[in-house]
Each structure stands twice: as C-alpha cells, then as structure tokens.
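Enquirer: What follows is a single structure, and I will ask about it in a moment.
The values are calculated or read from the model by the stated rules, or taken from the named source; none is laboratory data. Not measured: the values here are computed from a predicted model. Here the Cβ positions follow ideal geometry from the backbone for every residue, glycine too, while neighbour counts run over all protein chains shown. Remember, those area values only see protein heavy atoms, side chains included, never the ligands or the DNA or RNA. Shrake-Rupley method; radii C 1.70, N 1.55, O 1.52, S 1.80 Å.
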Amino acid sequence: MGGFFGTVAKASCVADLFYGTDYNSHLGTKRGGMATYDQEEATFKRSIHNLESTYFRTKFEDELDKFKGNSGIGIISDTDPQPLILNSHLGRFAIVTVAKIVNLEELEAELLEQNMHFAELSSGKTNQTELIALLLIQGKNFVDGIENVYKHIKGSCSMLLLTEDGIIAARDRWGRTPVVIGKKDGAYAATSESSSFPNLGYEVDRYLGPGEIVRLHADGVEQMRKPDEEMQICSFLWVYYGFPTSCYEGKNVEDVRFSSGLKMGQTDTSEVDCTCGIPDSGVGMALGYAEGKGVPYHRAISKYTPTWPRSFTPSRQEMRSLVAKMKLIPNRAMLEGKRLLFCDDSIVRGTQLRDNVKVLYEYGAKEVHIRIACPPLIYSCPFVGFTASKGDLELITRRVIKELEGDENKNLEKYATTGSPEYEKMVEVIRERFGLSSLKFNTLETLVEAIGLPKCKLCTHCFDGSSHF
Ligand code: SF4
C-alpha cells in the first residue's frame, strides 16, 4: 500500500520529516524517498533509496545534511520510486502518492496519444506516480488537476504535493486510504498513519474526508476542495495494515482489534486453555478474545524483533515464506500439552499459517484452534493492492472453491455468506488441510460493529464483493 508524511514548519522540517516518514515503514517495503523545499534558495532536494534489503532510517540518516528547508514530503512506497519533481505551468512541485491504478495501461495509451511522454520507467513499467502527475498537470490549477486524477483513475490515489507555497494534501476520491492532519506550535503535518504524530509533538487536527483537498502552511490549513459525501475507507486498515496506535476516522486500530476479539470470545463455545496472538496484527484481537472468553492470554509464539522489526517482504514467494517462518519462534514451555487458541489477522494464501501450525504441533501443542479477525477473503483487492498480484487463485478460498466447484468463480456469493452450506464446507476444507482443531472467521457484522462506522462508509469488497468504482 505505502504511506506518506509531509510537514510545513516555521523552523527546519528535516528531523520531523525523517522520523515521520520512518513511522510509515510498516506500510511498504520497496522504495523510500524524501524531498524538501528551501524557500531561501528556491530549490528542491530529493533522494530515493531501495528498501528491499534494509530500512528507511539506515538509508537516509547519513545524508540528512543535504536536506534543507521548512517544508518537505516523504514516502515509503510499495511500488515505484518517489518523490518525483516536476516543473509545469502549475509551478514547480514534488509529488508522492499512495495509489493503486488498475487502468494504468489504458491511461498510459491515452496520454501517449496526446503526445505526452514518460521519463521514469521503473523495472520496465510506467511509474504510476508519474502518470498521476501527468494527469494532474492537465488541470488549470492544482484542484482542477487533482480532480482530473480522481476522474480518470480506477483504483485509489491519495497524494501530497510539495509546492513553492506549502504542501497540498489530497485524499482518495472514495477515501479508501486515509490522510490525517496533525498540528503543533509552528507546524502542520499530513500523514497516512496518525501513529507518526505523538513522538514528534503533533496532535491530530482532523481526518481529511473522501476527495478533500487542503493546503498546509506552518500556521494553518486552507480547504481547497470540500469532501464528498460517500466514503469507502478500506476496512482492512484496522485488521491488518494499521499500526496499533493509529486512528482512521477517529477509530483506533488496537481498540477495533480488541473489540472484534472480545465479541468473538463472548460467543465462542470452544474449550481452550489460553489464547495467543500471532504477532503483530493478531495480538490485539487475542487480548480481546481472552477477556471475552475468560481465559488467560499467553505468548506461546514470539516474534524475533532485533533483526525483524517490521513486516519485511521480499519479492519472491519462497523467500517470503522463509522470512515469515524465521521471524516467529515457538515456545515449548508454553505450548506443551495445551489446548491453544491463536488469533490472526487473515488468511490469504495460507502458506504461512500452514507452516506455523505444523511447528506448534511439533512443539507439543495438544490442540490448535485458529480465529481470524475478518471474514474469508473471497475477492481480490482492486483498490489498494492488498491481495492477489497474480490473480484470484493466490487466495486459498478460491483454490478451495475451484476444487469444490471445478471453477474458482462459481457461487462466490454463497461462499461469501457466513453460515451458508458452501461457506461451512469451504471453512471445513481449510481447517482439515491445516490440521486445525477448529477454525472460525469473524463475521462481517462483527467486524463492522467493532470498527464503529456505518457499513456503507466502509469498503468490504474483499469479503463480500461489494464495490464502488
Ligand atoms: S478490497 Fe479489501 S483490502 Fe481492498 S480496499 Fe477494499 S477492504 Fe481494503
């Protein structure tokens, strides 16, 4: 998905920009970048690094001296190299985006047809941030240009523009990804994750609405476009992406995870000795489940944090599985002879869960029950790029549906309906395949209730196929 941070201050912005961007590191793994604007010299400075083998801070701390100025933007990107700097009829500006463009090729062809060109070809493909910038500069002003982006792209796009006059922050047209505004004495900031704020002294000022555009200066925020009424914020932010201390639309990630576990624990009839969270995103749910069920919370599996401090995701699947396995260490003393219930955020391919369960039994677990924070992922995500880069069959649900129906696209609605015979059969096949004592997924109703927003404001496409383009 990716995450960004931008700040405009009366003093130098560099330290806040560096740490604020770093606090988005769990949202992306490919590229990191920062750009600053120095008003005195009227110059932009930019740097981009590959993050596939090391962390943002390691890459940028040695070159912080080269950045100067009171305003800057930074990005942790899961896709293309950013920020890009452009000179256009709108003036000079740098741009970062958190985006997924489904109709990239179609738009690329249209722009080439209009005699535009693409300069940044990352890994042989068009850089989607450049494509967004080209759509933007077709506007007669920044707002008109951003609306042109909203009008043309399918997928999602939130962005920050570092201009010669402050930072422009624009949230995705459907609000699928968040933009949070923070303030402190002499500075304003915009970020994807409000967890960037507390240690830098910012307080949440407001959450941008869907399609809303604002301009930040060191002493205030000016609204340039009002938010739209309809919203489809990604419900998976609370389940998986978000850092526990973050809030979106005022709803805290840890609180939502805890509530969804609590509700499940209160109604679940399984007999277990303790609950455990699969680190990190399963922990909040497991703590809630333990309280709801009235059983202790134990750490029977721990994450090795000294060298795996974040969700490092190599590009090859085999390497990803190996890394996932190496990060989690089972604890025989807490596993042996116990009936354990583990909470996890989701099941995508299932490879990681299968490996984890095997190890738990090898280390003496008597029973292994799994509870999942969300409903089964039946539809791949076309909006923020969460699932199925290689197609629907990456999802374990679709592979099971293909085995049961002979076609991975058949009766999807029935498989997405909790409690239907098709749903029960699919869950049973997955349970059996992993050798689990029991397997239950949260219902969509419980998840929506835990988030605390009306369902019509949430994107739940990957669970029930509902979609707004
Ligand atoms: S499809 Fe799922 S992961 Fe994608 S935006 Fe919607 S809720 Fe989020």
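Enquirer: Report the GluC sites (Glu not before Pro) located in the range 26-72 that are in a DSSP loop and have at most 10 other Cβ atoms inside 10 Å of their Cβ, or state none.
Expert: Listed in order of number, the matching sites are Glu40, Glu41.
Enquirer: Okay, next question. Computed FRET efficiency, Cβ-Cβ of Glu106 and Glu164, R0 25 Å: what is it to the nearest 0.05?
Expert: E(calc), rounded to 0.05, equals 0.15.
Enquirer: A further question on this structure: As an exercise, use a Förster radius of 41 Å and the Cβ-Cβ distance of Thr43 and Asn115 to find the FRET efficiency, rounded to the nearest 0.05.
Expert: Efficiency for this residue pair is about 0.85.
Enquirer: What percentage of the solvent-accessible surface of the range 3-230, computed with a 1.4 Å probe over protein heavy atoms, is contributed by carbon and sulfur atoms?
Expert: Carbon and sulfur: 44 percent of the exposed surface of the range 3-230.
Enquirer: Counting other Cβ atoms within 10 Å, keep those with at most 14, restrict to DSSP loop, and tell me which trypsin sites (Lys or Arg not before Pro) in the range 1-51 are left.
Expert: In loop regions of the range 1-51 (DSSP not H, G, I, E or B), the sparsely surrounded trypsin sites (Lys or Arg not before Pro) are Lys10.
Enquirer: Here's a follow-up. Looking at the chain, what % of its DSSP beta bridges pair antiparallel, to the nearest 5?
Expert: 80
Enquirer: Would you mind telling me the antiparallel percentage of the DSSP bridges in the range 251-464, rounded to 5?
Expert: Of those bridges, close to 15 percent are antiparallel.
Enquirer: For the chain, what does the helix formula give at 222 nm: sum of -39500 (n - 2.57) over DSSP H segments with n ≥ 4, over the residue count, nearest 500 deg cm²/dmol?
Expert: Calculated from helices alone, the mean residue ellipticity at 222 nm is -8500 deg cm²/dmol.
Enquirer: Would you mind getting the accessible area per residue of the range 170-302, heavy atoms of the protein chains only, 1.4 Å probe, in Å²?
Expert: Heavy-atom accessible area per residue stands at 36 Å².
Enquirer: Counting only heavy atoms of the protein chains, get the accessible area per residue of the range 51-140 (1.4 Å probe) and round it to a whole Å² value.
Expert: Accessible area per residue, the range 51-140: 47 Å².
Enquirer: For Glu229 and Asp62 in the same chain, what is the full-extension length gain: residue separation times 0.36 nm, less their Cα-Cα distance, in nm?
Expert: Extra length available between Glu229 and Asp62 comes to 55.6 nm.
Enquirer: Sticking with this one: Which of the trypsin sites (Lys or Arg not before Pro) found in the range 102-152 are in a DSSP loop and have at most 13 neighbouring Cβ atoms, other than their own, within 10 Å?
Expert: Passing sites in the range 102-152 are Lys140.
Enquirer: About its Cα centre, how strong a charge dipole does the chain have in debye, to the nearest 20, once Lys and Arg get +1 and Asp and Glu get -1 at the Cβ?
Expert: Using only the charged Cβ atoms, the result is roughly 1040 debye.
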